[in-house]
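Novice: Quick one: structure below, then a few questions.
The values are calculated or read from the model by the stated rules, or taken from the named source; none is laboratory data. Keep in mind the model is a prediction, meaning the values are calculated, not measured. Here Cβ is always computed from backbone atoms with ideal geometry, including for glycine, and neighbour counts include all displayed protein chains. Heavy atoms of the whole protein, side chains included, go into the accessibility calculation; ligands, DNA and RNA do not. Shrake-Rupley method; radii C 1.70, N 1.55, O 1.52, S 1.80 Å.
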Amino acid sequence: MEIKLVQKLIIQFILILFLSISTFALYRVPVDNSYVTATFLEFRSTGKIPHFHSGVDFSTFLKEGIPILAAEEGFLRRLEIDVDNIYGNTVVLEHPDGYRTLYAHLANFNEEFEKIANMLRDEFGDKRIVVEFLSENFKVSKGEVIGFSGRTGEAAQAHCHFEVRDKEEKVIFDPLEFIDKSMLRPVQMGIILKSLIIDGQEFNYTENGTYTFTGPYPKIAVEAYTELAKNLLGVKEIKVYFSEKLVYHIMLDRLSMELWEKPYSLYDEKTVMSALTYRGFYKLYSDESLPFVKVNDMSGYNASNYQVKLEIRDEFGNSKDFYFNLVRR
């Protein structure tokens, strides 16, 4: 009896382990030997209205025609055929785990999908065409080519824009939480803090420097990045401490699509994006209840002097602490 019980427990353990591995299996990178060139929830001012960058960009080495690969097995859920929209030519796949992945800015689809696209172009002409597939007829395997890199849509250079959404496409997630990052090309990286905005006034950041504020509590915004190769990318998480007390915490892991066109809920108005310049200032205060704000006790402090520590982390395992002082003027 005891032997049967032990065997049963072993079988249950193996089953649980198998289910855990299956549930949390990582997606593959959609571009071979690539690296990240833009991260989740960066500020964007392209298109008709400012918005969040709702995915991750993977380099295709400035080349069109690089194969774009399915991150996981699944089936075709949607084709978007449009060279001028923000996303350009786009493939959306649905996966057994319940998530959907989106691949944008494609020059062309794979042979099977391109035949469908050409039939639709012949019927509807040169206009934006969006087709939803209700059946699971067009299945794809993990790593299968689904299209080729391009610069359709708002892409200034050829690359792969990649998103992870829930099945209803009401919530977007940080794709780097799903991706097997060991597949990325190794590059030198680190976290930098360039500038501060205190009560609307901008300062260059100096380690242990002293800055003044005038309001009931310090309204701080920080220009912080992950420096990856020659690119400055958005960060994942910022914690603010006043004298070792956590007073503000943002975690950029997911976003409701309802907030997609409200980037100033996270970014200061001095944030700039142009063809040559990107300066992203994260606001470290808010009067709103926002999903990416995990702790918001900033307004509960009314001291005249603050010893401030910023703990900044990215999705690649890098973190760094920055220190400065605030004095009420």
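Novice: If I ask for residues that are buried (at least 17 other Cβ atoms within 10 Å of the Cβ) and assigned to a loop (DSSP other than H, G, I, E, B), which ones from segment 98-146 would you list?
Specialist: Passing the criteria: Y99, N110.
Novice: Taking T226 as meeting all but one of (1) surrounded by 17 or more Cβ atoms within 10 Å (Cβ to Cβ); (2) at pLDDT 95 or above; (3) not in a strand (DSSP E or B), write down the number of the exception.
Specialist: Of everything listed in (1) surrounded by 17 or more Cβ atoms within 10 Å (Cβ to Cβ); (2) at pLDDT 95 or above; (3) not in a strand (DSSP E or B), T226 misses just condition (3).
Novice: Shifting gears a bit: From the list D253, D268, which one is of a type in the set (D, E), closer than 26 Å to Y211 by Cα and at pLDDT 95 or above?
Specialist: Working: D253 fails: closer than 26 Å to Y211 by Cα.
Just a single option satisfies the conditions, and that option is D268.
Novice: Moving to a separate point now. Go through (1) under 24 Å from S256 (Cβ atoms); (2) of a type outside the set (A, V, I, L, M, F, W, C); (3) at pLDDT below 60 and name the single condition K4 misses.
Specialist: K4 satisfies every listed condition except (1).
Novice: Return the residues of segment 234-265 that are closer than 12 Å to P291 by Cβ, open to solvent by 40 Å² or more (accessible area, probe 1.4 Å) and either of a type outside the set (A, V, I, L, M, F, W, C) or touching a helix residue (DSSP H, G or I) at 6+ places or on another chain (Cβ under 8 Å) (or both); say none if nothing qualifies.
Specialist: Selection gives R254, E258, K262.
Novice: Inside segment 26-88, counting only strands (runs of 3 or more DSSP E) that do not spill past its ends, which hold 3 or more residues that are at pLDDT 95 or above and in contact with a Ser or Thr (Cβ under 7 Å, 6 or more places away or on another chain)?
Specialist: Values: elements: 36-38, 56-59, 67-69, 74-81.
Correct list: 56-59.
Novice: Could I ask something else about it? Which numbered condition in (1) without any contact (Cβ under 8 Å) to a residue 40 or more places away in the chain; (2) open to solvent by less than 50 Å² (accessible area, probe 1.4 Å) is the only one that L284 fails?
Specialist: For L284, the exception is condition (1).
Novice: Out of segment 292-303, which residues are open to solvent by less than 60 Å² (accessible area, probe 1.4 Å) and either assigned to a helix (DSSP H, G or I) or at pLDDT below 95 (or both)?
Specialist: Of everything in segment 292-303, those that are open to solvent by less than 60 Å² (accessible area, probe 1.4 Å) and either assigned to a helix (DSSP H, G or I) or at pLDDT below 95 (or both) turn out to be M298, A303.
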